[in-house]
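> First the structure, then my questions, so here it is.
The values are calculated or read from the model by the stated rules, or taken from the named source; none is laboratory data. Predicted model only: the values in this text are computed from it and were never measured. Neighbour counts are summed over all protein chains in view; Cβ atoms, including those assigned to glycine, are modelled from backbone coordinates with ideal geometry. When the accessible area is computed, the model is the full protein with side chains, heavy atoms only, and any ligands, DNA or RNA have been set aside. Shrake-Rupley method; radii C 1.70, N 1.55, O 1.52, S 1.80 Å.
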Amino acid sequence: MLVYLNGDFVDEKDAVVPVTDRSFLYGDGCFEGIAVFNGRILHLGEHVERLFRSAAALRINLPMSEAQLTTRIVQTAFLNGMDRSPSGYLRPMVSRGSGRMGLKYSEELKDPTLVIVPQLGGREIAYGTEIPVLTAVTTSFVRPGPASLDPRIKSHNYLVNILAYFEARDRGCDVGLLRDDRGHVVEGHVTNIFVVRDNKLLTPPESAALAGITRRFVLQSARTLGYECCEVDIGPYDLQTADEVFCTSSLEALAAISSIDGIPVQGPVPGPVTRVLREHYVAWARETGTEVVDIAEKASRAAG
Ligand SMILES: Cc1ncc(COP(=O)(O)O)c(C=O)c1O
């Protein structure tokens, strides 16, 4: 695989960053996880925009424009054969850079480190016809809120999420739900969460959870399809009285939740609303997205 690293495409084995890189030292960086399906990159513009916003909130200046990064991501996909691959994953990552250890050197670092790592395969189930069914538990972990690390920043600090995942696995489940400091359930360890009750969709607000790109798409399509949607606090009551619960992410699309804390979700799993929204999403994913093409070739053809 070829990895984009600070201006060059290098073989995976040569794609190394210094041990004093800030993401390694402090988790001081941010990233995106982008799905590739049927030779197309899904929601590319939105991922690039979110990466730039995360970096701005962390006061990291990316060494290129949004348009340039978009080109580099498409090139990474093309150079790794993703135009011919049924599915894949692209991970642009940025860290503050490397330099002397110690927070007081934060302003004296070299340029930010910018990496795009590709991975072939693995997303076939997410965008297939069958809906994944997962079990969830409410973990003991509290997601940092806007007063500490704003949930909209997709930062390299995933420790709470990783520990929530381990807790879910220890309890024999797939998804570890995180709460806020008032006890509301805000999201899964790598997914946004939705409750369906009386044909109405409930999901926690963006101030509480990652402003998920799939979440936004699902809210838009649900509204277009005539479902009422509310961005509200979700408590144990909402989960226990739900007709359906599902979760969303770029990498899993929409997955149904069959039980929470060992209590089965009341309605059929996957429920009818989950099915409709998932079908809508998968149909979109099969048709849309940014085509993986040879950008250099395309530019020279356009120039005549
Ligand atoms: C904590 C968390 N919440 C939600 C999501 C879903 O976001 P998106 O739909 O943008 O992939 C992710 C994705 O990685 C995540 O890590």
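> Yes or no: SER250 more than 16 Å from the ligand (Cβ to nearest atom) and small (Gly, Ala, Ser)?
Criteria not met by SER250.
Quick grid of which residues meet (1) exposed (fewer than 15 other Cβ atoms within 10 Å of the Cβ); (2) touching a helix residue (DSSP H, G or I) at 6+ places or on another chain (Cβ under 6 Å):
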{"site": "ASP28", "(1), (2)": "no, yes"}
{"site": "ALA77", "(1), (2)": "no, no"}
{"site": "ASN80", "(1), (2)": "no, no"}
{"site": "SER85", "(1), (2)": "no, no"}
{"site": "GLU107", "(1), (2)": "yes, no"}
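> Still on this structure, I have one more. Please verify whether the stretch 63-72 includes one or more residues that are open to solvent by 40 Å² or more (accessible area, probe 1.4 Å), in a strand (DSSP E or B) and closer than 22 Å to VAL293 by Cβ.
No; the residues of the stretch 63-72 include none that is open to solvent by 40 Å² or more (accessible area, probe 1.4 Å), in a strand (DSSP E or B) and closer than 22 Å to VAL293 by Cβ.
> Using the structure shown, decide if GLU291 is without any contact (Cβ under 8 Å) to a residue 12 or more places away in the chain and closer than 30 Å to GLY45 by Cα.
So GLU291 fails the test.
> Check ASP238 against each of (1) outside any helix (DSSP H, G or I); (2) touching a Lys or Arg at 6+ places or on another chain (Cβ under 8 Å); (3) more than 13 Å from the ligand (Cβ to nearest atom) and name the one condition it does not meet.
Among (1) outside any helix (DSSP H, G or I); (2) touching a Lys or Arg at 6+ places or on another chain (Cβ under 8 Å); (3) more than 13 Å from the ligand (Cβ to nearest atom), the lone unmet condition for ASP238 is (1).
> Output the residue which, of all residues in the stretch 197-218 that are among the basic types (Lys, Arg) and within 11 Å of the ligand (Cβ to nearest atom), is surrounded by the most Cβ atoms within 10 Å (Cβ to Cβ).
Narrowing the stretch 197-218 to residues among the basic types (Lys, Arg): 197, 200, 215-216.
When the remaining residues are screened for being within 11 Å of the ligand (Cβ to nearest atom), the result is 215-216.
Values: ARG215: 23, ARG216: 15.
So the residue we want is ARG215.
> While we're on this one: Go through the residues of the stretch 231-243 one by one and say whether even a single one is buried (at least 23 other Cβ atoms within 10 Å of the Cβ) and in contact with a helix residue (DSSP H, G or I) (Cβ under 9 Å, 6 or more places away or on another chain).
No, that holds for no residue.
> Now, a different point. Report whether or not SER221 is within 16 Å of the ligand (Cβ to nearest atom) and in contact with a helix residue (DSSP H, G or I) (Cβ under 7 Å, 6 or more places away or on another chain).
yes
> Quick check: anything in the stretch 268-288 assigned to a loop (DSSP other than H, G, I, E, B), closer than 30 Å to GLY39 by Cβ and open to solvent by 50 Å² or more (accessible area, probe 1.4 Å)? Show your work before the answer.
Narrowing the stretch 268-288 to residues assigned to a loop (DSSP other than H, G, I, E, B): 268-271, 288.
Next cut, closer than 30 Å to GLY39 by Cβ only: 270, 288.
Within this subset, residues satisfying the condition of being open to solvent by 50 Å² or more (accessible area, probe 1.4 Å) are 288.
Yes, that holds for at least one residue.
> In addition: List the strands (runs of 3 or more DSSP E) inside the stretch 133-196, counting only whole elements, that have at least 1 residues being without any contact (Cβ under 8 Å) to a residue 40 or more places away in the chain and either in contact with a Phe, Trp or Tyr (Cβ under 7 Å, 6 or more places away or on another chain) or surrounded by fewer than 20 Cβ atoms within 10 Å (Cβ to Cβ) (or both).
133-142, 175-179
> Of all residues in the stretch 95-106, which are of a type outside the set (Ser, Thr, Tyr) and out of contact with any Phe, Trp or Tyr (no Cβ under 7 Å at 6 or more places or on another chain)?
Once the filter is applied, which keeps residues that are of a type outside the set (Ser, Thr, Tyr) and out of contact with any Phe, Trp or Tyr (no Cβ under 7 Å at 6 or more places or on another chain), the stretch 95-106 yields ARG96, GLY97, ARG100, MET101, GLY102, LEU103, LYS104.
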